[in-house]
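One structure below.
Please treat every number below as a calculation from the coordinates, not as lab data. These figures come from a predicted structure and were not determined experimentally. Cβ placement follows ideal geometry from the backbone for every residue including glycine, while neighbour counts extend to all protein chains displayed.
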Ligand SMILES: [Zn+2]
């Protein structure tokens, strides 16, 4: 299994090229710590790396990745909340100015939700995925029904967009997120990237539609 060796080869390339080019930046980041002003919540999918899509430098983005780029609702309990702790750190400690929920086309997590393939699975056989994706199950059921009636509806594409809206709604259930947004210190964005055509669509909060970002600027 040569994959890890390939990673170490990549590390050696990085140390002789990118690391040297960025040496000053890395020194500053090591000494002063990080102060990114953007948090990105993206999918774990290997094809959609937010640092590539947004062409960012080390230190610019605080990134959280999980299955289907989901944010669960705010819950106060003793659970081990990976997403909530990252959001809490980003908003209350780093004081980021933006949280971007970055979805993507052809998402395997969304596909699994729609197919229901793990719905009754045991832990270790898809049960964790099923429990995680349950947070978008009502939207999934709604979209499934609509797609049954109308052949024009691409259920996967519709659920990918709807999951971003749900994550944004759930972000608002975090009191410190809602408060920072109300003070005008935090902006929440939704976006969807499609690796097939390279197009990034950004959610227009007023119209509720995802609009392609023009390439001229
Ligand atoms: Zn995905």
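So if each residue of separation counts as 0.36 nm, and I subtract the Cα-Cα distance between residue 57 and residue 35, what length gain in nm does that give? Length gained, residue 57 through residue 35: 6.7 nm.
Entry note, the chain: relative contact order of 20 percent, from Cα contacts under 8 Å with a spacing of 6+ residues.
Does anything in segment 135-153 have its amide N under 16 Å from the 7 Å Cα→Cβ label point of residue 173, and if so which residues? What the label zone holds, given the 16 Å backbone N cut-off, is 135-140.
Spread over its residues, the convex hull of the C-alpha atoms of the chain is 184 Å³ per residue. Beta bridges assigned by DSSP with both partners in the chain are antiparallel in approximately 30 percent of cases. The angle between the Cα long axis of helix 137-149 and the main principal axis of the chain comes to about 60°, on a 0 to 90 degree scale. In the chain, the longest principal axis of the Cα atoms and the axis of helix 23-32 are about 80 degrees apart. Can you list the residues of segment 35-50 with backbone N under 17 Å from a point 7 Å past the Cα of residue 9, pointing along Cα to Cβ? Hits in segment 35-50 for residue 9 at 17 Å: none. Taking every Cα-Cα distance in segment 131-215 and sorting them into 5 Å bins starting at zero, the pair-distance distribution P(r) comes out as 3, 12, 19, 20, 21, 15, 7, 3, 1 percent. Inter-part distance, segment 1-65 to segment 149-217, computed on C-alpha centroids, equals 24 Å.
For segment 61-133, the Cα gyration tensor yields ellipsoid semi-axes of 26, 16, 8 Å (square root of five times each eigenvalue, largest first, whole Å). From helices alone, the chain scores -12500 deg cm²/dmol at 222 nm; the rule is -39500 (n - 2.57) for each run of n ≥ 4 DSSP H residues, then divide by the residue total.
Inter-label distance, residue 206 to residue 47: 3.4 nm, where each label sits 7 Å from its Cα along the C-beta direction.
The C-alpha atoms of the chain define a longest principal axis, and helix 3-16 lies at about 40 degrees to it.
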